[in-house]
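J.: Next up is a structure, given as structure tokens.
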Amino acid sequence: MTHEKLFERARSVIPGGVNSPVRAFNAVGGTPIFVTSGKGATITLADGRTLIDCCCSWGAMILGHAAEQVTEAVSRAAGGGTTFGIGTPGEVALAERLVAASPLLDRVRLVNSGTEAVMTAVRLARGVTGRELILKCEGCYHGHSDALLVSAGSGVLTAGDGAEVASAGIPQIIARDTLVIPYNDLAAAQRAFEVHGARIAAVIIEPVAGNMGCVPPKEGYLKGLETLAHAAGALLICDEVINAFRFRYGLYSDAAGLQPDLVTMGKVIGGGFPLAAVGGKADIMDALAPCGKVYQAGTLSGNPVAVAAAIAVLDELKAHPPYAQMEANVVRIADALNEAAEAAGVPIRVQRHATIFTPFATTALPVCNLTDAQKADTALYARFFHGMLARGVYFEPSAFEVNFVSAAHRTEEVETIIAAAKATFAAL
Ligand SMILES: *Cc1c(COP(=O)(O)O)cnc(C)c1O
């Protein structure tokens, strides 16, 4: 079936034809694609074409699509009933694995999406501090809850709305309690704490930013933010919805020597299902209902099928850590693309961190914050994206996202990506 036909049907029954805005290709133009199946590093489309996938469901599919351990675990779990609304041994086993993976986590609460994990973290921070303000960075995306859709990244960024509130329908009174500072700018954070410190409940940050493209933290930035927060009696929330288990088995915060009070996880830890988590030390986490006064709940939370997938993924990541190979592949892609783009005179340069990368349509690296990221030539990125798509490689359909590799991306796929990029640069 053609994508045009599917998109036409979709648009008549789903707003914009998609269930998440970035899928509509508004940032790159053209007709969005529809996927019928995936296996390993590839996805097969409704029109029969097969592409190498560098979206990997926004990083969730770290083992690649339809990994056998996962599909078997999922079938087994589904055969035993798909939801009970009652505790299951599986959710205990998953929570034990997460807690064991980081000294920062005494307790985790399982939820259904990264958005929910962050909502809960913010409510907890406000509940335990008795304060209301939240400090966040421009270009960081923390899900689509009201309080955090203020100067957010990801799909919101490409919507091109320069207004402070990133969506209609958000009451000013809620947006007012969210303060926004540039990422990687400790002096700006210091000023915010000087002015508002006693009223700030938490500063929330993507440690390695992934929703304005791949933007790593400057040396000392995150530790500095943590020191400022703690000196002011505010909490540090590390939103590791992308970062957790993406760069190593465990949290980025641990590797970076950070001491966040709360950590949110999603994407990888969901095993390809709607499952995410918020975690932290017992004194803070136990403020959650039913032991504490901060309310949070979910009909499908700790869903047995999702939990089975998550456990299968974590156990595979632990038994056979793919991180070194994934990182080597990203280094190879980044170096080869940069060299080829320069040789072809195309102003696209890849910025990377560990197992994620972004081809920014600019030669002005490093990109350190949203202002830098927005210097990218989005029209050039769109042409690059379509050039790659025509040559069998699916990169992110927006100039302000990160691309992902999975454990299933082998040398063969990496070389195909590089060949496609060389041909695309030549055509540009
Ligand atoms: C994806 C993402 C979220 C939102 O997660 P959903 O599962 O899409 O709700 C929150 N924070 C960060 C850093 C993310 O990348």
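J.: With every protein chain present, what is the per residue accessible area of the chain (1.4 Å probe, Å²)? Before the final figure, lay out each step's value.
T.: On the way: 17050 Å² over 428 residues.
Computed with neighbouring chains in place, this is 40 Å² per residue.
J.: Moving to a separate point now. Return a whole-number percent for the relative contact order of the chain, with Cα pairs under 8 Å and 6 or more residues apart as the contact set.
T.: After rounding, I find 23 percent.
J.: Using θ = phi - 60° and the Karplus form 6.51 cos²θ - 1.76 cosθ + 1.60, what ³J(HN,Hα) does each residue of the stretch 14-20 get, whole Hz, x for Gly and Pro?
T.: For the stretch 14-20, the Karplus curve yields 10, x, x, x, 9, 9, 7 Hz.
J.: What is the Cα centroid distance between the stretch 16-75 and the stretch 284-347, reported in whole angstrom?
T.: 16 Å
J.: Around Phe357, what is the net charge, scoring Lys/Arg as +1 and Asp/Glu as -1 over all other residues with Cβ under 11 Å from its Cβ?
T.: Working: positive: Arg332, Arg349, Arg352; negative: Glu327, Asp335, Glu396, Glu401.
Spelling it out: positives minus negatives among the neighbours equals -1.
J.: Next question, about the same structure. Considering the Cα trace of the stretch 68-319, what is its radius of gyration and what is Dmax, both in angstroms?
T.: For the stretch 68-319, the Cα radius of gyration and maximum Cα-Cα distance read 17.7, 56 Å.
J.: Please list, or write none, the aspartates and glutamates whose alpha carbon is within less than 15 Å of the alpha carbon of Lys293, excluding same-chain residues fewer than 8 places away.
T.: Cross-link targets: Asp283.
J.: To the nearest 10 square angstrom, what accessible area does Leu228 show with a 1.4 Å probe?
T.: 40 Å²
J.: In the chain, once you exclude exposed chymotrypsin sites (Phe, Trp or Tyr not before Pro) (DSSP loop, at most 13 other Cβ within 10 angstrom), what's the longest stretch remaining?
T.: Details: sites that count: Phe84, Tyr295.
Longest stretch, sites excluded: 85-294.
J.: Modelled label-to-label distance, Lys375 and Thr50, 7 Å Cα→beta-carbon offset: nm?
T.: 4.2 nm
J.: Just going by the charge dipole of the chain, with Lys and Arg at +1 and Asp and Glu at -1 on Cβ, which of Ala310, Gly257, Gly29 is farthest out on the positive end?
T.: Going by the charge dipole, the pick is Gly29.
J.: Which ³J(HN,Hα) values, rounded to whole Hz and listed in residue order, are derived for the stretch 390-401 from phi using the Karplus coefficients 6.51, -1.76 and 1.60 in 6.51 cos²θ - 1.76 cosθ + 1.60 with θ = phi - 60°, glycine and proline given as x?
T.: 5, 9, x, 10, 9, 9, 5, x, 6, 6, 10, 10
J.: Continuing with this model, one more query. Scan around Gly38 for amide H atoms under 5 Å from its own, H built in the peptide plane at 1.01 Å from N, and keep only partners 5 or more places away or cross-chain.
T.: Thr44
J.: Straight-line reach from Lys39: which aspartates and glutamates have Cα under 16 Å away, leaving out those fewer than 8 places along the same chain?
T.: Of all the aspartates and glutamates, those that pass the test against Lys39 - Cα under 16 Å, at least 8 places apart if same chain - are Asp53, Glu68, Glu72, Glu412, Glu413.
J.: Taking R0 as 56 Å, what FRET efficiency do you get between Ala282 and Gln172 from their Cβ-Cβ distance, rounded to the nearest 0.05?
T.: Values: r = 36 Å, r/R0 = 0.65.
E between Ala282 and Gln172, to the nearest 0.05, is 0.95.
J.: For the chain, what % of the accessible area comes from carbon and sulfur atoms, probe 1.4 Å? Don't skip to the end; give the middle numbers.
T.: Values: 9160 of 17050 Å².
For the chain, the apolar C and S fraction of the accessible surface comes to 54 percent.
J.: Give me the percent relative contact order of the stretch 68-319, please, defined on Cα pairs under 8 angstrom at least 6 residues apart. Could you put the intermediate results ahead of the total?
T.: Values: 490 pairs, mean separation 75.1, N = 252.
After rounding, I find 30 percent.
J.: Ala289 to Val195: extension gain in nm, 0.36 nm per residue of separation minus the Cα-Cα distance? Working shown, then result.
T.: On the way: separation 94, 0.36 × 94 = 33.84 nm, distance 3.26 nm.
Stretched fully, the Ala289-Val195 segment lengthens by 30.6 nm.
J.: Considering only Ala407, Ala41, Ala343, give the residue with the highest GNM mean-square fluctuation for the chain, with springs between Cα atoms whenever their separation is below 10 Å.
T.: Ala343
J.: Turning to a different aspect of this structure: Which lysines does Lys223 reach when only Cα atoms under 23 Å apart count, and residues fewer than 8 places away in its own chain are ignored?
T.: Lys136, Lys281
J.: Amide H to amide H, which residues 5 or more places from Ala276 or on other chains are under 5 Å from it, using H placed in the peptide plane?
T.: Val111, Asn112, Ser113
J.: Given a 10 angstrom Cα cut-off, can you work out which residue in Gly16, Gly64, Gly266 is the most mobile in a GNM of the chain?
T.: Result for the chain, Cα springs under 10 Å: Gly16 fluctuates most.
J.: On to the next question. May I ask you to derive the FRET efficiency for Ala231 and Leu365 from their Cβ-Cβ distance with R0 = 30 Å, giving the value to the nearest 0.05? Walk me through the numbers on the way to the answer.
T.: Values: r = 33 Å, r/R0 = 1.10.
It comes out at approximately 0.35.
J.: Per the helix-only calculation at 222 nm, which mean residue ellipticity applies to the chain, given -39500 (n - 2.57) for every DSSP H run of n ≥ 4 and division by its residues, nearest 500 deg cm²/dmol? Before the final figure, lay out the partial values.
T.: Working: 15 runs with 162 residues, N = 428.
That calculation yields -11500 deg cm²/dmol at 222 nm.
J.: Could I ask something else about it? In whole angstrom, and with the biggest value first, how far do the Cα coordinates of the stretch 302-428 range along each principal axis?
T.: 49, 33, 24
J.: What list of ³J(HN,Hα) couplings, whole Hz, do you get for the stretch 355-360 from phi and the Karplus terms 6.51, -1.76, 1.60, once you set θ to phi - 60° and write x for glycine and proline?
T.: Residue by residue, the stretch 355-360 yields 9, 10, 7, 9, x, 7 Hz.
J.: What is the projected area of the convex hull of the Cα atoms of the chain, averaged over all directions, in nm²?
T.: Values: hull surface 78.8 nm².
One quarter of the hull surface, i.e. the mean projection, equals 19.7 nm².
J.: Right, next: Tell me, which cysteines of the chain are without a disulfide-compatible partner by the Cβ under 4.7 Å rule?
T.: Cys54, Cys55, Cys56, Cys214, Cys238, Cys291, Cys368, each lacking another Cys Cβ under 4.7 Å.
The values are calculated or read from the model by the stated rules, or taken from the named source; none is laboratory data. Predicted model, so just to flag it, every value in this text is computed and none were measured. Using ideal geometry, Cβ is built from the backbone for each residue, glycine included, and neighbour counts are taken over all protein chains shown. Heavy atoms of the whole protein, side chains included, go into the accessibility calculation; ligands, DNA and RNA do not. Shrake-Rupley method; radii C 1.70, N 1.55, O 1.52, S 1.80 Å.
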